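All remarks here apply to the structure that follows.
We did not get these values from a lab; they are worked out from the coordinates using the rules stated. Values in this document were obtained by computation on a predicted structure and should not be read as measured data. Cβ coordinates were reconstructed from backbone atoms using ideal geometry, including for glycine residues, and neighbour counts include every protein chain displayed.
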Amino acid sequence: MPPADSQLARYRYERKFLVPAEFSSNVQACIRLNPGRFSGVFQPRPVNNIYLDSASLPLYFMNLEGAVERTKVRIRWYGDLFGALSRPVLEFKIKRGLLGTKQSFALKPFTLDSTFAAHKLRQALLDSDLPCAVRHQLAHLQPTLLNRYHRAYYRSADANYRITLDSDLEFLRVRPAHNMFLCKSPKFPCRVLELKFDNAHWEGAQEIANALPYRVTRMSKYVSGLDCLDGS
């Protein structure tokens, strides 16, 4: 049963499923034939993220070990991976068990290219209108990973459930300075399907999840990306 804590009302469930390459050709049919009667919403688009962590990678280890309360910090934007980023957003992805929520803050535009370095990102953060508490949280963080994928969006007929399907996952090393972005992981072999729903709709999600013929996972793109690049 879902937690009764009233403070979790703003949290939602996020259940992830790995779709192996051999099942990629029929994954969209599985989504549309699901009892939730999902259909596509929004235009599919590329999603890009820079993950932030401190030097000893505490956020990485927190997510690797599956701590009940864990956080990821990232900067997200859509469209082209490199060049002038006109609408970047700082996000704190907060998980409490299977429940998650997100805090978002608009950032000043900055450029991601071969001149990118931690001090330039720090300046973009300083120039942005961020609460003091957020600035304090960012004080010792630096960019550690760049990732990109293509995301498609689906919604159930009753609008209570959403599915996102991420394909073509790429991971690139980000260093404090001298970033040519040549350190890139091999192609990730699976798609990632995520079922998202509010706490109030927990029970109805079981039928939807049981109809998906894929393995449930607590896969973190941040953890997977650093692991793929380990030693490079």
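Quick look at the values:
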item: Order by protection proxy (mean Cβ within 10 Å, highest first), peptides 217-225, 100-108; result: 217-225, 100-108
item: Estimated Rh, the chain: Kirkwood, alpha-carbon pairs, angstrom; result: 18.8 Å
item: Eligible lysines near residue 120 by straight Cα distance, threshold 26 Å, same-chain separation 8 or greater; result: 72, 93, 102, 108, 184, 221
item: Two-site FRET efficiency, residue 206 against residue 182, from Cβ-Cβ distance with R₀ of 30 Å, rounded to 0.05; result: 0.10
item: Proximal charge balance of residue 193 [Cβ under 10 Å; K/R count +1, D/E count -1]; result: +1
item: Fraction of alpha-carbon pairs over 20 Å apart in region 77-200 - percent; result: 56 percent
item: Separation of alpha-carbon centers, region 93-153 and region 57-74, rounded to whole Å; result: 15 Å
item: Net lengthening on full extension, residue 65/residue 96 (0.36 nm per residue, minus Cα-Cα); result: 9.8 nm
item: Estimated distance in nm for a label pair at residue 33 and residue 120, the labels positioned 7 Å out from Cα along Cα-to-Cβ; result: 4.9 nm
item: The chain: calculated mean residue ellipticity at 222 nm from DSSP helix runs of at least 4, using -39500 (n - 2.57); result: -5000 deg cm²/dmol
item: Nitroxide proxy distance, nm - points 7 Å out along Cα→Cβ at residue 157 and residue 132; result: 5.4 nm
item: Calculated FRET efficiency for the pair residue 42/residue 82, C-beta based, R₀ 22 Å, to 0.05; result: 0.40
